[in-house]
1. From the backbone phi of the range B:208-224, what are the Karplus-calculated ³J(HN,Hα) couplings (6.51 cos²θ - 1.76 cosθ + 1.60, θ = phi - 60°) in whole Hz, Gly and Pro given as x?
2. Under 20 Å between alpha carbons, and skipping anything fewer than 8 positions from B:Lys190 in its own chain: which aspartates and glutamates qualify?
3. Out of A:His230, A:Pro184, A:Ala318, whose Cα points farthest toward the positive end of the dipole of the range A:168-322 (charges: +1 Lys, Arg; -1 Asp, Glu; placed on Cβ)?
4. Show me the ranking of peptides A:146-154, B:260-268, B:86-94, B:69-77 by mean Cβ neighbours inside 10 Å, starting with the highest.
5. Summing Lys, Arg as +1 and Asp, Glu as -1, what charge do residues with Cβ under 14 Å from the Cβ of B:Pro236 carry, B:Pro236 excluded?
6. Quick one: angle between helix A:65-74 and the longest Cα principal axis of chain A, in degrees between 0 and 90, rounded to 10, please.
7. For peptide A:255-263, what's the mean number of Cβ atoms from other chains within 10 Å of each residue's Cβ?
8. Counting only pairs 8 or more places apart or on different chains, how many lysine pairs in chain A have C-alpha atoms closer than 16 Å?
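Laboratory data are not the source of any read-out in this text; all were calculated from the coordinates shown. In this text the structure is predicted, and so the values were computed from the model without any measurement. Cβ coordinates were reconstructed from backbone atoms using ideal geometry, including for glycine residues, and neighbour counts include every protein chain displayed.
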Amino acid sequence: MSNEPIEDEAKQDPREAVDRSCRGPVLFLGFSAVAWLLVYSLFAMLAGVKVHAPGMMADSAWLAYGRIQPASQLALQFGFLVQLGLAVSAWILCHRGKTVLVDGGYLVFGGMLWNTGVMFGFVGILIGNASGLEGLQMPGKVLPLLFFGFVLVGLSLVQTNNRRTDEEMSPAQWFLFAATLWLPWVLAGSYLLIHFFNAKGVVANVVDWWFIRNFASIYLTFVGLGTLFHFLPALSGCRLVGRGYAQFAFWVMLLFGSIGGVSPGAPVPAWLPALSTVTAVFYFFGVVAACVCIKQTISGASVEDNADGTAYDLMRLAALIFISISVLNVFFAFPGPGATAQFTTYGPAMDLLFNLGFVGLTLIAALYHIFPRLAGMDFCPKMTGVQTMAIILGVFGMIPPVAFGGLMSGDATLGFSYYFASLGDLLLLVGSAILFLNFLGAILFSIKNCDCLAGICCKGEKKETNA
Amino acid sequence: MTIGLSFLLGLLAGSVSCFMVGLWWPIALAVGLFAWLAFGLLDVKMDSTFSLLCGMLLVFCVSLSGMVFRASDQLNGLQYADTQGEDGTEFSYPVPPLGDARYGEAVYKANGCAACHTQQVTHEGVTLDVKAMAGNKNHAAVQDAISRFYKDIGREDSSGAVLGLPVGEWDRVVTDANAGDALKARNFLKAAGASVDVQVRFRGEDLMQHEYLNPEGRGWGRRRSVASDYLFAEPPMLGSVRIGPDLANIGARTTREALMSLLLNPASARAGARMPQHRFLFKKAGKDEQGQHIIHDGEQTYKPTRDAEVLVAYLMSLKSANYPLAEAPINKPFTSSLPNPAPAEAAASGAGK
């Protein structure tokens with residue numbers, strides 16, 4: 001418990017000072033991310049139910065499948081993944097650079113702007129103002145808000161990274177630094193091209209595919225890999241093996257992850273799908289290098305502190321999911337297998353597995369490690385066990401049936417796999433609800449115990465216990 | 001210097017010279033390898049945020065110009081093209097949405113129809129068949145041309161015309177050929193003085209079903225969708241998942257009434273349909289209301305709202321995969337004397353399905 005006077009402790013352990021600088025901003029971003037995860041799982045379940053019961057909720061326009069499905073995607077990607085990614089990035093950049101978080105206020109203010117943006121986007125889709133594009137479903141007017149929110153957070157992160165104590169940057173820092181800069185670039189680029197310069201016809205779709213590709217293959221992948229590159233060595237107490245491989249992976253994935261994403265047979269000039277196949281294959285070389293790096297780091301290593309056991313195992317699972325998805329993705333990038341999977345529910349299921357199974361699990365595992373250091377108290381261990389199990393079972397319950405069902409039944413049909421998927425949705429909802437309550441409860445409890453509020457509620461009591 | 005950066009720079013040089021400068025790929029590969037070796041002798045530090053930033057900016061520019069700007073340069077030049085309807089009338093294509101259809105697109109967008117329906121017809125490939133006819137005089141020369149053609153393309157065939165072309169009758173010389181082989185066959189046969197007829201077949205699940213031309217078709221369009229189909233779409237809602245059928249050509253294969261009852265209650269139109277009902281697009285009608293616009297669902301009667309009217313008008317205006325374009329022609333059957341199903345009938349039977 002952090003009931004001791006904090007100033008003294010900071011002198012003893014610089015890590016504590018670093019954590020103290022991160023506390024408010026990172027917990028704020030983390031909490032809003034967890035809240036968005038709950039929103040996502042609720043709406044994903046509603047969308048799944050609509051498929052079983054076509055007549056349900058048919059009288060309200062805002063509950064149409066075509067509205068709640070994209071809205072839930074927005075909550076997952078922009079609400080949950082990006083925010084938790086930023087929170088975890090901030091913490092890692094501080095700890096890797098052995099420096100306090102610079103201008104943490106930007107993080108809070110930027111986070112508020114970002115949340116407002118996601119909220120407007122979410123409500124905008126539900127009331128029928130969607131843009132009609134797949135990756136940028138939210139109304140165009142929301143994008144500047146999101147951009148400025150992210151830039152404010154990014155300013156703080158980049159300054160923190162520049163203020164690092166060692167000149168050397170580790171692979172985790174490259175990846176997180178690149179991700180932090182990359183998302184505002186592509187967000188601004190897509191906004192300008194689509195909404196400001198009014199891209200006509202399929203050019204808007206090309207820009208949209210470009211955004212989707214960059215968002216998944218660069219932003220999310222880099223955040224996930226950066227987190228793994230920090231935590232896998234840190235939790236097992238060894239060094240990251242294979243800096244050269246990481247460097248190779250960084251540049252190759254950056255170059256080839258930023259181009260492509262056009263499906264075979266799309267109504268665009270034929271070089272675009274062909275180029276996408278080429279970049280998908282080259283991107284895979286980068287992924288292999290990153291995986292070699294991870295494999296060499298974790299082979300033979302074991303977790304140092306048993307308290308981090310769950311986080312370490314979750315990250316290894318996430319790394320395994322990442323490798324599996326990458327292999328499948330490069331296989332289905334070729335025109336032959338790609339045509340089989342095209343338009344089936346396989347594609348969205350794999351995207352979801354990537355979002356939740358790789359990036360989501362990695363970030364949640366990181367949260368398990370970070371949270372007790374920031375809040376001064378741990379999640380309730382029983383609830384943590386249940387929520388972790390529920391989230392993992394939910395991910396594996398909702399995704400593989402839809403993916404394989406899609407591959408087997410083809411397009412324009414829905415197999416019975418959707419019934420299993422709803423079970424997964426339900427488990428995920430339970431898991432994210434427990435995570436939310438766990439987070440909220442721990443925060444409330446630690447605020448109660450915190451010195452900052454001690455004057456108001458129970459200062460006298462605490463002094464007695466300290467004495 | 002690690003293999004990482006030097007390899008990247010090599011790849012960068014190679015891909016820029018291949019995709020942007022447009023060099024022949026082996027030369028681009030050589031340029032890339034050379035650059036890899038050359039840069040491998042340098043040492044670039046990954047510890048400076050400045051060099052990271054420069055590298056990232058370079059990659060960002062390559063990505064934006066190599067994919068987005070290049071595509072928009074090519075696509076911004078799209079213009080109206082001439083096409084013809086099924087009855088042979090010629091007109092300029094694409095046709096901008098008129099009347100209610102203009103507002104229907106917004107309803108389609110707002111309700112996220114693209115979450116389950118695509119608007120892009122694809123095809124798997126194109127193959128060509130060639131038939132020939134020779135008279136008495138040139139029969140030997142044509143027969144010789146056929147065997148030389150087969151030797152030239154290195155394909156074995158022991159059927160039909162290869163064994164012996166009947167005099168004065170059409171017979172297939174080659175089936176399932178690609179464009180290059182078909183052109184070669186035509187040139188060989190023409191040079192030998194034969195009459196030549198070529199049949200173009202587009203194969204694909206999405207296209208019209210046809211006994212010979214495309215046995216596995218589902219009838220979602222007469223041709224594949226191309227970029228010019230979406231000149232007036234804001235934005236084109238291509239979709240990526242087909243939980244329901246493709247709608248690029250829905251206006252050509254259904255009626256207004258069928259769409260209305262499908263929107264109100266899909267299960268009434270097709271048993272076991274998983275499409276959600278869209279009752280919010282309809283109002284309950286009074287018991288004494290009569291008229292064409294009244295739709296019955298069980299005991300309850302409904303009338304469409306303005307949104308439903310414009311949405312259906314928009315859907316009925318979607319006929320893009322119906323008209324041949326230069327870059328997306330439709331099937332061209334044999335025109336010669338051998339019995340073949342007439343093209344108009346074939347298209348009509350496909351549309352019916």
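1. 4, 6, 8, 3, 9, 6, 7, x, 9, x, 9, x, 8, x, 8, 8, 6
2. Filter leaves B:Asp129, B:Asp144, B:Asp152, B:Glu169, B:Asp171, B:Asp176, B:Asp181.
3. A:Pro184
4. Most protected by this proxy first, the peptides run A:146-154, B:260-268, B:69-77, B:86-94.
5. Taking every other residue near B:Pro236 into account, the sum is -4.
6. That works out to roughly 40 degrees.
7. Across A:255-263, the average partner-chain Cβ count within 10 Å equals 5.
8. Taking the Cα cut-off of 16 Å, the pair count is 4.
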